[in-house]
Amino acid sequence: MTQSYGQQQHHPGYPQTAPPQAVPLKRPGTATASAVLGFIQAGFTLIASAYISWFLIDLASAGLEPLYEMWVVDIAQYVGVALLVVGGVQLIKGSSRTTFLVAAVLQVVISLYWIVRFASFATGGIALLQSVQSGIIAFGVSFATLPVIGLIMAATGGAGQYVAARRGR
């Protein structure tokens, strides 16, 4: 009786051994790191959104004209916070990465909005205003950093394969 290497031989009268169990999938570091960066970004964005909300409410209570554009962006930031948290949890569980990818793209778009918005302010050649403007633009660029890194890591093969394998169960 010839048998291939590695196959188990069954002898009549003896119980057959159980087939090997599926090895649990190990979550890749890119999926974990992406989710953690998303949670950190959600915290930063929540703080910034709360500050913007406070500023807008203060303007409204002073009787100044409401800034509808700012309210829309502020609400989009709150939506981004929720998407980052939900997407990060889904990515860690391996159930989906789509929500996280959408959240990261939204965060980058919002950051680009703020960069363009503040870059378009006229400073009138005043050095102090130019310095403040440069600082705010740098802040906008730094706000885009975590979502870009998280987006790249979540879009790579490791995280995608992990989610696909978890869905296949």
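The values are calculated or read from the model by the stated rules, or taken from the named source; none is laboratory data. Not measured: the values here are computed from a predicted model. Ideal geometry is used to build each Cβ from the backbone, glycine not excepted, and the neighbour counts take in all protein chains shown.
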Quiz prompt | Identity of the residue in segment 110-169, in contact with a Phe, Trp or Tyr (Cβ under 8 Å, 6 or more places away or on another chain) and polar (S, T, N, Q), that ends up surrounded by the most Cβ atoms within 10 Å (Cβ to Cβ) | solution = S111
Exercise. For T98, state whether it is exposed (fewer than 15 other Cβ atoms within 10 Å of the Cβ), more than 25 Å from R166 (Cα to Cα) and free of Cβ contacts under 8 Å to residues at least 12 places away in the same chain.
Key: no
Quiz item: If you check T30 against the conditions, is it in contact with a Phe, Trp or Tyr (Cβ under 9 Å, 6 or more places away or on another chain), buried (at least 16 other Cβ atoms within 10 Å of the Cβ) and modelled with pLDDT of 95 or more?
Solution: no
Exercise. Those residues that are hydrophobic (A, V, I, L, M, F, W, C) and modelled with pLDDT of 95 or more, I need them from segment 34-53; list them, please.
Key: A35, V36, L37, F39, I40, A42, F44, L46, I47, A50
Quiz item: Taking interchain pairs and intrachain pairs at least six residues apart, which have beta carbon atoms under 6 angstrom, with the first residue in segment 106-117 and among the aromatic types (F, W, Y) and the second in a helix (DSSP H, G or I) and surrounded by 15 or more Cβ atoms within 10 Å (Cβ to Cβ)?
Solution: W114/G140
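Among the listed residues D74, D58, identify the single one that is under 21 Å from the mean Cα position of the chain (by Cα), of a type in the set (D, E, K, R) and farther than 25 Å from A159 by Cα. Break it down into steps so the answer makes sense when it comes.
Working: D58 fails: under 21 Å from the mean Cα position of the chain (by Cα).
It is D74.
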